[in-house]
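Enquirer: One structure, as structure tokens, below. Some questions next.
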Amino acid sequence: MEPREITLAPVGEGFLFNLNRKKVAGFTDNLNALLILRRIKMSEKENYEESKLFRLRHSAAHVMAQAVLEKFPEGKVAIGPPIEDGFYYDFDLPRPLTPEDLDEIEVRMREIIKNNSEFVREEVSAEEAREIFEDQPYKLELIEGLEAGEVDEHGDPVDEKPVITIYKSDEFVDLCRGPHLENTGKIHPKAVKLMNVAGAYWRGDEHNPMLQRIYGTAWLSPKDLKQYLWRLEEAKKRDHRKLGRELDLYSVSDEVGSGLVLWHPNGAMIRFLAERFWEDEHLNHGYDFVYTPHIGKAQLWKTSGHLDFYAENMYAPIEIEDQQYYLKPMNCPFHIEIYKSDIRSYRDLPMRYAEKGTVYRYERSGVMHGLMRVRGFTQDDAHHFCTPRQMPEEIDFVLDFSLNILRSFGFNEIEAYLSTRPEKAVGEPERWRDAEAALEASLKRAELPYEVDEGGGAFYGPKIDLKIKDALGREWQLSTIQFDFNNPERFDMTYIEEDGQPYRPYMVHRALMGSVERFFGILIEHYGGAFPVWLSPVQAVIIPIADRHVEYAENVAAELRSADIRIEVDDRSDRMNAKIRDAEKQKIPFMLVVGDREMAENAVDIRRRSGERLGAMAVDMFKDLVLQEVADKAAG
RNA sequence: GCCGAUGUAGCUCAAAGGUAGAGCAAUCGCCUUGUAAGUGAUAGGUUAUGGGUUCGAUUCCCAUCAUCGGCUCCA
């Protein structure tokens, strides 16, 4: 396999450039890019690998492989590791697998489990291993790697030449490091389930053959399995694509194009509210807003380096009067041009340009996913420019600012990753050192749990990434605070110091939500569609019991609307129960029932979407309640 | 882009080599309702698009597009 040839010479401006750490690591270590340095927290990973669950899943993978090979004797096996929540095994088979095949394989697995046969570990020489796996080309390739002392059977790098081991169980032998359970009988036959089949490249490299991967899940007890399946169901209910339709938040139209989001009124209201908050916070914290165009001339993208290193993600140029213009994949060059439109003094710094800039990136057709992965999206982008003296304080500021905003959206579990200088990097080493020190000091001051990813930074600068945990405990990377030592050089940015001489400013890119679209998708799933009151497109619906109450309902609505409460009257002639049901399904925070009693007392009877009954309440009191929850950004 | 699956009414799904049906939603009535579905009627579809096979295709075949599950890539 060819190592990826990636030139780490000064390439374009950093921020969202495609050169990720995997590739860089793959390059520098001259190993394939597979599975190196995955961002699993080391402690968690070690705990998992020593757990019974890990051995169980590893063992289940072997049992599955045996069942598959019995069905397809000519099949070739690749690798089959445990993964989060389960395991997989990759096969090269004569035909595509069907769901029925999976059922059969699962049935056969249970039989093998019942054989209760021991997992026997054996150390073998490379020659012996080659003999055992003579019909298994993938295994032979792995043996070669082991022999050369480069990678183990999972493609992970190894420090020294490892001992080659095989594991036998029942009728199956596998090249495997282990460990396993004592015997197949330790797997609970009712706590294993095959989930689905998917394609996967051999060793994760798209130039290699496509294999068939069977995903399975395995647990210590059927109860655990059941709970896992329940969790999957819950996640499905929260799927932003499903909720996006049900709550009429957004759509994607074939007519418009894949990966291009249409924000419906409900979704647009949520976006508007989120952005209004974002804007207020920025204005209150020393940011200046800028607006920049959607296209720019080729030369700009040449200077920035995009045309050399990001072209494959950019749309084809538009030609106007013999000039080529490109749709922007990033905002930074425009912000830099604004900076450069005048001579800047140290007295002007720090400068903070913020823009919700809509960018377009070509994404390969198979990767689009709801709001999470699209071709046109808006970054809540900002660029900070400051002097070296100001830099530590500026980092402190931007980290605090970021955390404050994330917490306002209900993300209270936040972790940070600090990525430091890779081997090949641009920028003076002192600048790197100072920047890294500032980032780390800020993390400590913010008392944020963080991990250091040594050498994991991009070539153009160190960075902090912030990850949040959503209501289901899933992690999402949202924010990034990213130094850029590259673009100031490329664009020859300067400021004038006290001594009258030009100096190079520090430049920091940062995005808090990242992509507004993706952030919205995460918000939908985090709240399961039940947005907090301050973000709900409709905060309350008034439900008149009979037609004679509609007029009163309208009066109440008008009064609440004048207090900026988003409220509707459900004046359909349906029964109250039906209206409540509809409001519940729309996840409207408050339902205000009005009938004869309420009319008589100038009151409303309040029900929360949780089902909680707050009882009859004066209209003014309800107004205060809602406004208070809006001000608190309370969930609920 | 790659592997596999899928594409039928606004939504969720049936059916079938002889031009398709249900529930919900919608529309129009009746009912005037007290905390998650009152009731009747009506309307709604070139079965994703383009080719091919066939007396006949929406059904079988091919291509394209899109979606879904993954891989690769990524905000």
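Enquirer: Estimate the FRET efficiency between A:Glu275 and A:Ser51 by the formula 1/(1 + (r/R0)^6), using the beta-carbon distance for r and 45 Å for R0, to the nearest 0.05.
Expert: Working: r = 44 Å, r/R0 = 0.98.
It comes to 0.55.
Enquirer: In region A:417-449, whose amide N lies under 18 Å from the spot 7 Å out along Cα-to-Cβ of A:Asn404? List them in ranges.
Expert: Answer for region A:417-449: A:442-448.
Enquirer: Residue by residue through region A:546-554, what is 3J(HN,Hα) from phi via Karplus (6.51 cos²θ - 1.76 cosθ + 1.60, θ = phi - 60°)? Round to whole Hz and write x for glycine and proline.
Expert: The phi angles translate into 9, 4, 5, 9, 5, 4, 4, 4, 5 Hz.
Enquirer: Report the Cα centroid-to-centroid distance between region A:535-606 and region A:261-322 in angstrom, as an integer.
Expert: Region A:535-606 and region A:261-322 have Cα centres spaced 40 Å from each other.
Enquirer: On full extension of the chain, what length is gained from A:Glu255 through A:Asp624, given 0.36 nm per residue of separation minus the C-alpha to C-alpha distance?
Expert: 128.3 nm
Enquirer: Using alpha-carbon pairs under 8 Å, 6+ residues apart, how would you state the relative contact order of region A:465-589 in percent?
Expert: Averaging sequence separation for qualifying contacts and normalising by length gives 20 percent for region A:465-589.
Enquirer: Estimate the FRET efficiency between A:Arg575 and A:Ala471 by the formula 1/(1 + (r/R0)^6), using the beta-carbon distance for r and 41 Å for R0, to the nearest 0.05.
Expert: Taking R0 as 41 Å, the efficiency between A:Arg575 and A:Ala471 is 0.80.
Enquirer: Another question about this same structure. Would you please give the FRET efficiency between A:Asn208 and A:Glu122, computed as 1/(1 + (r/R0)^6) with r the Cβ-Cβ distance and R0 = 22 Å, to the nearest 0.05?
Expert: Values: r = 29 Å, r/R0 = 1.31.
Working from the Cβ atoms, E equals 0.15.
Enquirer: Roll a 1.4 Å probe over the protein chains and send me the accessible area per residue for chain A in Å². Spell out each step's value before the answer.
Expert: Working: 29540 Å² over 636 residues.
Heavy-atom SASA per residue in chain A reads 46 Å².
Enquirer: In what order, largest first, do A:Glu246, A:Glu234 sit by accessible area if the probe radius is 1.4 Å?
Expert: A:Glu246, A:Glu234
Enquirer: Using a basic spin-label model with each label point 7 Å from the Cα along Cα→Cβ, how many nm lie between A:Lys242 and A:Ile343?
Expert: Label-label distance for A:Lys242 and A:Ile343, simple model: 6.3 nm.
Enquirer: Could you sort A:Ile567, A:Ile132 by accessible area so the largest value comes first, with the probe set to 1.4 Å?
Expert: Listed by decreasing accessible area, they come as A:Ile132, A:Ile567.
Enquirer: For A:Arg213, list long-range residues whose amide hydrogen, built 1.01 Å from N in the peptide plane, is under 5 Å from its own amide hydrogen.
Expert: A:Phe91, A:Ala198, A:Gly199, A:Ala200
Enquirer: Can you list residues from other chains, or at least 5 along the same chain, whose modelled amide H is less than 5 Å from the amide H of A:Val569?
Expert: Counting only residues 5 or more places away or on other chains, the set is A:Ile542.
Enquirer: Now for a different question. I need the fraction of alpha carbon pairs in region A:367-451 separated by more than 19 Å, rounded to a whole percent.
Expert: Of all Cα-Cα distances in region A:367-451, 54 percent exceed 19 Å.
Enquirer: Count the net charge of all other residues whose Cβ sits under 9 Å from the Cβ of A:Gln379, scoring Lys and Arg as +1 and Asp and Glu as -1.
Expert: Working: positive: A:Lys356; negative: A:Glu355, A:Asp380, A:Asp381.
Surrounding charge for A:Gln379 is -2.
Enquirer: Order the following by accessible area, largest value first: A:Arg613, A:Arg561. Probe radius 1.4 Å; ligands, DNA and RNA are ignored.
Expert: Solvent-accessible surface, decreasing: A:Arg613, A:Arg561.
Enquirer: Express in Å², to the nearest 10, the accessible area of A:Lys463 obtained by rolling a 1.4 Å probe over the protein heavy atoms while all chains stay in place.
Expert: 40
Enquirer: Taking a label point 7 Å from the Cα of A:Lys114 along the Cα→Cβ vector, which residues of region A:221-257 have an amide N closer than 18 Å to it?
Expert: A:222
Enquirer: Between A:Glu413 and residues 5 or more places away or on another chain, which pairs have amide H atoms under 5 Å apart, with H built 1.01 Å from N, and which residues are they?
Expert: Those lying under 5 Å, H to H, from A:Glu413 are A:Lys469.
Enquirer: Would you calculate the separation in nanometres between label points at A:Thr494 and A:Ser562, each defined as 7 Å from the Cα along the Cα-to-beta-carbon direction?
Expert: Taking the simple label geometry, A:Thr494 and A:Ser562 are separated by 6.2 nm.
Enquirer: Still on this model: Under a point-charge model restricted to the Cβ atoms of Lys and Arg (+1) and Asp and Glu (-1), what is the dipole moment magnitude of chain A relative to its Cα centre, in debye to the nearest 20?
Expert: On the way: 83 positive and 115 negative charges, 310 e Å.
Here the size comes out at about 1480 debye.
Enquirer: In sequence order, what are the phi-derived ³J(HN,Hα) couplings for region A:173-182 according to the Karplus relation 6.51 cos²θ - 1.76 cosθ + 1.60 with θ = phi - 60°, rounded to whole Hz, with x for glycine and proline?
Expert: So the J values, rounded to whole Hz, are 10, 9, 6, 6, 7, x, x, 10, 6, 5.
The values are calculated or read from the model by the stated rules, or taken from the named source; none is laboratory data. As the structure is a computational prediction, the values presented were derived from the model and not from experiment. No Cβ is skipped: glycine too gets one built from the backbone with ideal geometry, and neighbour counts run over all protein chains shown. SASA here: full protein model, heavy atoms, side chains in, ligands and nucleic acids out. Shrake-Rupley method; radii C 1.70, N 1.55, O 1.52, S 1.80 Å.
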